[in-house]
């Protein structure tokens, strides 16, 4: 277990922890070297010198533990996870190295710096390879700096086809119109909405004026 630490993973078909030989020796002999001294510092969003986003997972927290047999890293306290253009923060995070899945709990927030998209929830599960996300508990979603706003108890987001499904007292605002229903599917780039179950739509008065 390491405190006030930083972990970097290389994203490849099989992800492995990046550690130096000196760090391995330190761990073997239990010397009190700070783990962060061996991690390469990256700006938020994990950009390289050319401004493109790198294929690494960068985790910082007050405390990090790693189980090699289970291939799981657990981070606690002021957690920040960076991957490509994504920044995920919260109170506790688990990273499954084999499945390439990050689960973050407590004041969870996921931001896409490239797209200007923000998710807020109590729990967020993010599939790194697929760029898919499931948010649970008091969910708020802002797409492209507010082109689409959504709230609900659960939200599933599919990044590759730009689709979001909001469930549980769902509400979506798009192009000035507000939709409420049990389940709302939003096709984000198409600006198209499908609502099911107790649906209601509010249209601004100026749009009703001929």
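The values are calculated or read from the model by the stated rules, or taken from the named source; none is laboratory data. Worth saying up front: this structure is predicted, and the values here are computed from it rather than measured. Cβ coordinates were reconstructed from backbone atoms using ideal geometry, including for glycine residues, and neighbour counts include every protein chain displayed.
Just a few scattered comments:
- Filter pass, residue 174 being surrounded by 15 or more Cβ atoms within 10 Å (Cβ to Cβ), outside the structural domain of residue 96 (by TED's automatic domain parsing) and modelled with pLDDT under 95: yes
- Residues in region 77-87 that are closer than 17 Å to residue 126 by Cα and surrounded by fewer than 23 Cβ atoms within 10 Å (Cβ to Cβ): 80, 84, 85, 87.
- Of the residues 130, 136, 151, the single one that is under 19 Å from residue 103 (Cβ atoms), modelled with pLDDT of 95 or more and under 18 Å from the mean Cα position of the chain (by Cα) is 136.
- In the condition set (1) surrounded by 15 or more Cβ atoms within 10 Å (Cβ to Cβ); (2) closer than 30 Å to residue 94 by Cα, residue 180 is compliant with all but (2).
- You will find that of 77, 90, 45, the residue that is in contact with a strand residue (DSSP E or B) (Cβ under 8 Å, 6 or more places away or on another chain), at pLDDT 50 or above and part of a loop (DSSP other than H, G, I, E, B) is 45 and no other.
- Selection count, region 93-107, where residues are within 14 Å of residue 125 (Cβ to Cβ) and outside any strand (DSSP E or B): 2
- So residue 87, is it outside the structural domain of residue 182 (by TED's automatic domain parsing) and within 13 Å of the chain's Cα centre (by Cα): yes
- Only a single criterion out of (1) under 13 Å from the mean Cα position of the chain (by Cα); (2) surrounded by fewer than 20 Cβ atoms within 10 Å (Cβ to Cβ); (3) assigned by TED's automatic domain parsing to the domain that holds residue 183 is not satisfied by residue 141, namely (2).
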